[in-house]
Amino acid sequence: MRTTIRPQARRASAAVAVGLLAAGLLSACGGAETGADAGSSEPDPEAAADLDAALEEGGELTYWTWTPSGEDQAAAFMEQYPNVTVEVVNAGTATDEYTKLQNAIAAGSGAPDVAQIEYYALQQFAISDSLVDLNTLGLGSLEDQYTASTWAQVSVEGGLYGLPQDSGPLVLMYNQDLFDEHGIEVPTTWDEYVAAAETLHEADPSTYITNDAGDPGFVQPLIWQAGGHPYTVDGTTVSIDLQDEGSQRWADMWNQMLEPGLLADIPTWSDDWWKALGNDTLATIVTGAWMPGILEGSVPEGAGKWRVAPIPSYDGDPTTAENGGSSQAVIKQSENPELAAAFVRWLNSSEESVDVFLESGGFPSTTAHLNDPEFLEAAPEYFGGQKINEVLVEASENVSTDWQYLPFQVYANSVFPDTVGQAYTQKSDLNEGLVAWQDNLVSYGSSQGFTVEQ
Amino acid sequence: MTTLTPPRVTPARVTQEIRTPKRRWTGWQFTWPFAAVFVVAFIAPLLYALWLSLFQNQLVGGNAFVGLDNYVLAFNDPAFWAGFGRVFLFLLVQVPIMLLLALAAALAIDSARLYATGFFRIVIFLPYAVPAVVAVLMWGFIYGDNFGLTASINDWLGSDVLAPFAPQWMLVSIGNIVTWEFVGYNMVIFYSALKTIPTDLYEAAEIDGARGWQVIKAIKLPAARGAIVIATIFSIIGSFQLFNEPNVLQPLANNVITSSYTPNMYAYSLSFAGQQYNYSATVAIIMGVITAAIAYVVQLRGSRKEDR
């Protein structure tokens, strides 16, 4: 189960490149319908004063995170607010941490004050009433500082359950050498992408357009990008339709590569995958904007070969989706929620903290950092001097905000291999796999007391 | 003083004698350190699991007593029985192979016809000393059909005949790892049983003209029978508990090793991915009962043979 998406699995060494940069994002451009319109709205000066008072008074906080810069950020925080002590605990990455968090919440004690939670899992914790609604502490007024898509991810059912740490708009990364060798143009539509897959594999059977061994953390953003909206959550009523227009659109397109064996059967993040990225086996990867730094750090053999492009579209519409990304949330068990919220506010909106985060290679969620000309101008050698951040930032402006995850997404991802994964193994119709997945989710949701509609 | 005085039995002494059983408790008190740990680490979790299995805790709606519903669910759960069938097949095929190899190795080392027996003994035992997770990671690399050793062999053969991660070969691949890990361990058990045979038995056999196979059949195997029964029981339990190997290989073959590949993996994903602690406890209890029953039958059969 550890193979679910791990955008945070970045190597600390890696991301230096991304760290230096930052560019302009128009948070204004997307109306965040999905819940972002929730109660946040008006700044509450009184609440802000409460948080400042809490910082002044001080206290002790426990913070669970696996972000590489977590320790350094906490140290910078304590320097600035000497009355506060923050104990940083790495309680595992992603699912491992959620398991412990879930257990601590169920047990009624032992949970941290602040925890890192990926966007896809945030809803699960919010719905189970485990997190503090930060609107009640006045953090709703920070909305303007973040991209619309990340803000939509932390807004659940009218509440604000975390502040965005980073973002990962989907982009296409491609191996320019391999494309040149086979005379392939950078695909701008999925049709061109499929054609490139055929050309490439025919010319050299040991090369593939990309790898996909079945990964829910990858498939769901692709469905999102195709305009799918398979999950609709309204309180404890959940609709699941993995055969909606967007889901089928993606599955039909992906079938054209899966069924004839044009996709390498290499699990993402495996050792083989890193090798395949460095030895010209894979021509492209569709991935989040946090990837360039990781690639540079982990695949030195790829230096000078890789470039970044917008994700191929279905019909010219540049819409993309969010792949991974984390938020920091205040757990209800916290004995000092004001102080915890003040820490979260500092962590994900203060200059001092975000700078530390960027230095370790993160891709920001804050518009100010994305707008920074220095960030936009950066042209890393590894990417042949391409101004990659211009592409990444443009992608972050094109993320559709129309997406919801399930309130039991961690479970859903864990049974993806049992269902959709079987279509991957047999190289058969992905739609059938999606139907099997849906059946499983419907029965799980019902058994957990949700009202499930199909 | 010629009269015989009967020994005086004081009332006090009588009571003391009646109380003698009390003195036995002194011995029992020595078991406290063990008993305390045993109760806390074994009995209590077992009872707690039983207790858990009678409830259902939903994400929406909270905790409710459901009686034996979880058991009914488990008996009708195809995912659970598919996993059970898989480990049962594993048991039927892998355990005999492993134990025969271990027995052959033990007999060979015990035969006194081998040079450097100490060397062979330690080399065969060595895989057991490698932590299971490390061993499986290593095998995962060997099995790798993209860039691992398997890929190199396939290249050399000019085919892709070797596919250890293919659905039809996965159980064999896991069986190979488990055999590699545990042959040495079982060999040591068998070898130590063979070592306890008094040498005068061999001398008698020699005088009677017994050779080779006859000695093995008439002396060595009967003497090792107890050890074989024990090793078989351990292996049965190990097979039903199969978890480490498939779990570590899972990231390499996500779609083949599903979340319910073995009953233990199923119990694990039920509780840690699905928060179905109650149902997970039910699955664990059912597996525990089945394992105990089969191990008991094996023990009965094994000892009956011994009596003959």
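In region A:155-181, which residues have a backbone nitrogen under 20 Å from the label point lying 7 Å from A:Thr136's Cα in the Cα-to-Cβ direction?
A:155-164, by backbone N distance to the label point.
Kindly rank A:296-303, A:421-428 from highest to lowest mean number of other beta carbons found within 10 Å of each residue. Can you show the working numbers first?
Numbers: A:296-303: 17.2, A:421-428: 19.2.
Descending packing order for the listed peptides: A:421-428, A:296-303.
Antiparallel versus total DSSP beta bridges in chain A: what percent is that, nearest 5? Write down the numbers at each step before the final one.
Values: 26 of 42 bridges.
Of those bridges, close to 60 percent are antiparallel.
Take A:Glu245 and B:Tyr48, extend 7 Å from each Cα along the Cα→Cβ direction, and tell me the distance between the two endpoints in nm.
Reported label-point gap for A:Glu245 and B:Tyr48 is 5.2 nm.
Over all directions, average the projected area of the Cα convex hull of the protein assembly as shown and note it in nm². Walk me through the numbers before you get to the answer.
Working: hull surface 197.7 nm².
The orientation-averaged projected area of the Cα hull of the protein assembly as shown comes to 49.4 nm².
Along its three principal axes, how long is region A:382-449 when you only count alpha carbons? Whole Å, largest extent first please.
Computed over region A:382-449, the largest-to-smallest principal extents equal 51, 32, 18 Å.
For region B:67-86 and region B:104-147, what is the separation of their C-alpha centers, rounded to whole Å?
37 Å
On full extension of the chain, what length is gained from B:Arg225 through B:Val298, given 0.36 nm per residue of separation minus the C-alpha to C-alpha distance?
25.0 nm
Kindly provide log₁₀ I(q)/I(0) values, in the same order as q = 0.07, 0.10 Å⁻¹, from the Debye equation applied to equal alpha-carbon scatterers of chain B.
With one equal scatterer per Cα and no solvent, log10 I(q)/I(0) is -0.45, -0.79.
Lysine pairs, Cα distance under 30 Å, 8 or more residues apart or cross-chain: how many in chain A?
Taking the Cα cut-off of 30 Å, the pair count is 5.
Between region B:196-254 and region A:304-329, how many Å separate their Cα centres?
Value for the Cα centre distance between the two parts: 59 Å.
Find the percent of Cα-Cα distances in region A:120-275 that exceed 19 Å, and round it to a whole number.
65 percent
Based on the alpha-carbon gyration tensor of region A:315-448 and its eigenvalue square roots a ≥ b ≥ c, which shape applies: rounded if a/c is under 1.5, prolate if not and a/b is larger than b/c, or oblate?
Cα axes put region A:315-448 in the oblate bin.
For peptide A:442-448, how many partner chain Cβ atoms fall within 10 Å of a residue's Cβ, on average?
What the average comes to for A:442-448 is 3.
Give the aspartates and glutamates reachable from B:Lys217 as a straight Cα distance under 19 Å; neighbours fewer than 8 places away on the same chain don't count.
List returned: B:Asp110, B:Asp200, B:Glu203, B:Glu206, B:Asp208, B:Glu306, B:Asp307.
Compare the Cα positions of A:Gln116, B:Phe119, A:Gln386 along the charge dipole of the protein assembly as shown (+1 at Cβ of Lys, Arg; -1 at Cβ of Asp, Glu; about the Cα centre) and return the one farthest towards the positive end.
Of the options given, the answer is B:Phe119.
State the antiparallel share, in %, of DSSP beta bridges confined to the protein assembly as shown, rounding to the nearest 5. Walk me through the numbers on the way to the answer.
Working: 30 of 46 bridges.
Close to 65 percent.
In vacuum, with every alpha carbon of region A:133-218 counted as one equal point scatterer, what does the Debye formula give for log10 I(q)/I(0) at q = 0.11, 0.16, 0.21 Å⁻¹? Two decimals, please.
At q = 0.11, 0.16, 0.21 Å⁻¹ the computed log10 ratios are -0.54, -0.73, -0.96.
For an R0 of 30 angstrom, estimate the FRET efficiency from the Cβ-Cβ distance between B:Val289 and A:Thr451 and round to the nearest 0.05. Mind showing how you got there, number by number?
Details: r = 36 Å, r/R0 = 1.19.
After rounding to 0.05, the efficiency reads 0.25.
Under a plain spin-label model, where a point goes 7 Å from the Cα along Cα-to-Cβ, how far apart in nm are A:Tyr314 and A:Lys332?
3.8 nm
Kindly identify region B:29-171 as rounded, prolate or oblate by the Cα gyration tensor criterion: order the square roots of the eigenvalues as a ≥ b ≥ c, call it rounded if a/c is under 1.5, otherwise compare a/b with b/c, prolate if a/b is larger, else oblate.
Here region B:29-171 falls in the oblate category.
If the viscosity is 1.002 mPa s and the temperature 20 °C, what translational diffusion coefficient in µm²/s does Stokes-Einstein give for region A:187-276 when Rh comes from Kirkwood over Cα pairs?
Taking Rh from Cα pairs, D becomes 148 µm²/s.
Ranked by Cβ crowding within 10 angstrom, fewest neighbours first, how are A:Glu322, A:Glu338, A:Glu351 ordered?
If I rank by nearby Cβ atoms, fewest first, I get A:Glu351, A:Glu338, A:Glu322.
Order these by the 10 Å Cβ neighbour count, fewest first: B:Tyr143, B:Tyr268, B:Tyr202.
So the residues, fewest neighbours to most, are B:Tyr202, B:Tyr268, B:Tyr143.
Whole number please: convex hull volume per residue of the Cα set in chain A, in Å³?
Details: hull volume 55.3 nm³, N = 454.
It comes to 122 Å³ per residue, whole-number rounded.
Based on the alpha-carbon gyration tensor of region B:211-308 and its eigenvalue square roots a ≥ b ≥ c, which shape applies: rounded if a/c is under 1.5, prolate if not and a/b is larger than b/c, or oblate?
oblate
Going by how many other beta carbons lie within 10 Å of each one, how would you line up A:Lys332, A:Lys100, fewest first?
Fewest to most other Cβ atoms nearby, the residues stand as A:Lys332, A:Lys100.
Bear in mind that the values in this text are calculations on the coordinates, not laboratory data. Keep in mind the model is a prediction, meaning the values are calculated, not measured. Methodologically, a virtual Cβ is constructed for each residue, glycine included, from the backbone with ideal geometry; neighbour enumeration extends over all protein chains shown.
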